[in-house]
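*Asks:* Okay, here's the structure, questions in a sec.
The values are calculated or read from the model by the stated rules, or taken from the named source; none is laboratory data. Keep in mind that what you see is a predicted model, and the values were worked out from it rather than measured. All Cβ positions, even for glycine, are placed from backbone atoms using ideal geometry, and neighbour counts span all protein chains on display.
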Ligand SMILES: C[S@@+](CC[C@H](N)C(=O)[O-])C[C@H]1O[C@@H](n2cnc3c(N)ncnc32)[C@H](O)[C@@H]1O
């Protein structure tokens with residue numbers, strides 16, 4: 001059987017952004033990202049002016065633009081070229097480029113103060129996730145922050161249903177019905193085991209919210225995680 005390649009993911013996400021069956025990002029920043037940025041400023045005393053931010057799997061750049069408005073120097077990448085064109089057309093002064101998370105980044109070590117991963121890397125299988133993490137934490141400065149919002153398995157009946165009824169090649173992952181998009185919902189144990197090698201957990205909380213898919217609303221669980229590189 002053919003391995004799911006980066007090209008398959010690219011096509012799947014580009015198709016999704018054309019058809020907008022599942023993902024409708026809007027232009028406003030994501031609320032959990034805004035809360036994280038507020039915490040960074042108030043609780044950690046981080047100055048946002050000139051902060052170097054990498055938005056991994058940035059979609060249309062809605063969170064990149066928010067950080068840019070706060071004075072940060074923002075770079076965003078995504079595998080889907082159509083959504084990167086949309087971001088570039090909104091404002092050409094930001095740096096957006098097409099890139100697969102599992103490939104090497106063109107930046108030097110310790111280039112960024114903050115990485116955003118807002119429901120992006122949960123599309124990767126475990127092998128690609130390892131490559132992504134190695135590269136991401138290479139370009140993040142020691143003491144730098146990561147905001148991670150990712151899918152949670154515990155308490156998410158829809159995730160369990162999808163793993164059973166629409167399984168992807170990797171055990172514990174599913175394919176979103178009608179698409180080639182794969183997703184991995186994590187247990188807390190898995191998340192802690194994956195990230196502890198790279199970072200300290202400053203906050204981890206579970207959050208439920210409703211997402212729309214094919215005109216129906218589904219209750220989904222997410223991890224909201226604040227990390228600091230060791
Ligand atoms: C649910 S969207 C979230 C977008 C954005 N982070 C936001 O919050 O608006 C997930 C994004 O991850 C991107 N993505 C998925 N797999 C990727 C990969 N291998 N490399 C780069 N981007 C990827 C998708 O194209 C999509 O834009």
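*Asks:* Test residue 87 against the stated conditions and say whether it is closer than 22 Å to residue 140 by Cβ, within 11 Å of the ligand (Cβ to nearest atom), touching a helix residue (DSSP H, G or I) at 6+ places or on another chain (Cβ under 8 Å) and in contact (Cβ under 8 Å) with a residue 40 or more places away in the chain. First the steps, then the outcome.
*Replies:* Details: closer than 22 Å to residue 140 by Cβ: yes; within 11 Å of the ligand (Cβ to nearest atom): yes; touching a helix residue (DSSP H, G or I) at 6+ places or on another chain (Cβ under 8 Å): yes; in contact (Cβ under 8 Å) with a residue 40 or more places away in the chain: no.
Taking the combined requirement at face value, the residue does not satisfy it.
*Asks:* Of the conditions (1) within 11 Å of the ligand (Cβ to nearest atom); (2) surrounded by fewer than 18 Cβ atoms within 10 Å (Cβ to Cβ); (3) in a loop (DSSP other than H, G, I, E, B), residue 93 satisfies every one except a single condition; which number is it?
*Replies:* (1)
*Asks:* Moving on. Condition test on residue 11, is it at pLDDT below 95, part of a helix (DSSP H, G or I) and surrounded by fewer than 22 Cβ atoms within 10 Å (Cβ to Cβ)?
*Replies:* Working: at pLDDT below 95: yes; part of a helix (DSSP H, G or I): yes; surrounded by fewer than 22 Cβ atoms within 10 Å (Cβ to Cβ): yes.
Yes.
*Asks:* Here's a follow-up. Can we say residue 37 is more than 21 Å from residue 105 (Cα to Cα), at pLDDT 95 or above and either within 12 Å of the ligand (Cβ to nearest atom) or touching a helix residue (DSSP H, G or I) at 6+ places or on another chain (Cβ under 9 Å) (or both)? Break it down into steps so the answer makes sense when it comes.
*Replies:* Values: more than 21 Å from residue 105 (Cα to Cα): yes; at pLDDT 95 or above: yes; either within 12 Å of the ligand (Cβ to nearest atom) or touching a helix residue (DSSP H, G or I) at 6+ places or on another chain (Cβ under 9 Å) (or both): yes.
Yes: the conditions hold for residue 37.
*Asks:* Another question, then. Does residue 40 count as free of Cβ contacts under 8 Å to residues at least 60 places away in the same chain, surrounded by 14 or more Cβ atoms within 10 Å (Cβ to Cβ) and farther than 30 Å from residue 168 by Cβ? Steps first, answer last, please.
*Replies:* Working: free of Cβ contacts under 8 Å to residues at least 60 places away in the same chain: no; surrounded by 14 or more Cβ atoms within 10 Å (Cβ to Cβ): yes; farther than 30 Å from residue 168 by Cβ: yes.
Here the answer is no, as residue 40 does not meet what is asked.
*Asks:* Here's a check for you: in segment 156-202, which residue that is at pLDDT below 95 and surrounded by fewer than 14 Cβ atoms within 10 Å (Cβ to Cβ) is farthest from residue 229 (Cα to Cα)?
*Replies:* Among residues in segment 156-202 that are at pLDDT below 95 and surrounded by fewer than 14 Cβ atoms within 10 Å (Cβ to Cβ), the one farthest from residue 229 (Cα to Cα) is 178.
*Asks:* Every residue in segment 125-147 that is in a helix (DSSP H, G or I) and touching a strand residue (DSSP E or B) at 6+ places or on another chain (Cβ under 7 Å), please. Lay out the reasoning, then the answer.
*Replies:* Filtering segment 125-147 for residues in a helix (DSSP H, G or I) gives 126-139.
Result: 136, 137, 139.
*Asks:* Let me ask something else. Return the residues of segment 43-60 that are more than 10 Å from the ligand (Cβ to nearest atom) and in a loop (DSSP other than H, G, I, E, B); say none if nothing qualifies. Break it down stepwise before answering.
*Replies:* Of segment 43-60, the ones more than 10 Å from the ligand (Cβ to nearest atom) are 43-54.
Once the filter is applied, which keeps residues that are more than 10 Å from the ligand (Cβ to nearest atom) and in a loop (DSSP other than H, G, I, E, B), segment 43-60 yields 43, 44, 45, 46, 47, 48, 49, 50, 51.
*Asks:* Oh, and also: Residue 24 versus (1) under 24 Å from residue 133 (Cα atoms); (2) at pLDDT below 95: which is the lone unmet condition?
*Replies:* So residue 24 meets the others, but not (1).
*Asks:* With the requirement that a residue be within 23 Å of residue 44 (Cβ to Cβ) and away from the ligand (no atom under 11 Å from the Cβ), what does segment 108-135 give you?
*Replies:* 109, 110, 111, 112, 113, 114, 115, 133
*Asks:* Out of segment 173-189, which residues are within 27 Å of residue 7 (Cα to Cα) and without any contact (Cβ under 8 Å) to a residue 40 or more places away in the chain?
*Replies:* If the condition is that a residue be within 27 Å of residue 7 (Cα to Cα) and without any contact (Cβ under 8 Å) to a residue 40 or more places away in the chain, then 174, 175, 177 are the ones that fit.
*Asks:* State whether one or more residues within segment 61-71 are closer than 19 Å to residue 9 by Cα, out of contact with any helix residue (DSSP H, G or I) (no Cβ under 7 Å at 6 or more places or on another chain) and either more than 12 Å from the ligand (Cβ to nearest atom) or at pLDDT below 95 (or both).
*Replies:* No, every residue in segment 61-71 fails to be closer than 19 Å to residue 9 by Cα, out of contact with any helix residue (DSSP H, G or I) (no Cβ under 7 Å at 6 or more places or on another chain) and either more than 12 Å from the ligand (Cβ to nearest atom) or at pLDDT below 95 (or both).
*Asks:* Right, here's the next one. Before we move on, is residue 17 near the ligand (Cβ under 8 Å from one of its atoms) and under 24 Å from residue 133 (Cα atoms)? Step through it out loud before you land on a result.
*Replies:* On the way: near the ligand (Cβ under 8 Å from one of its atoms): yes; under 24 Å from residue 133 (Cα atoms): no.
No; evaluated as a whole, the condition is false for this residue.
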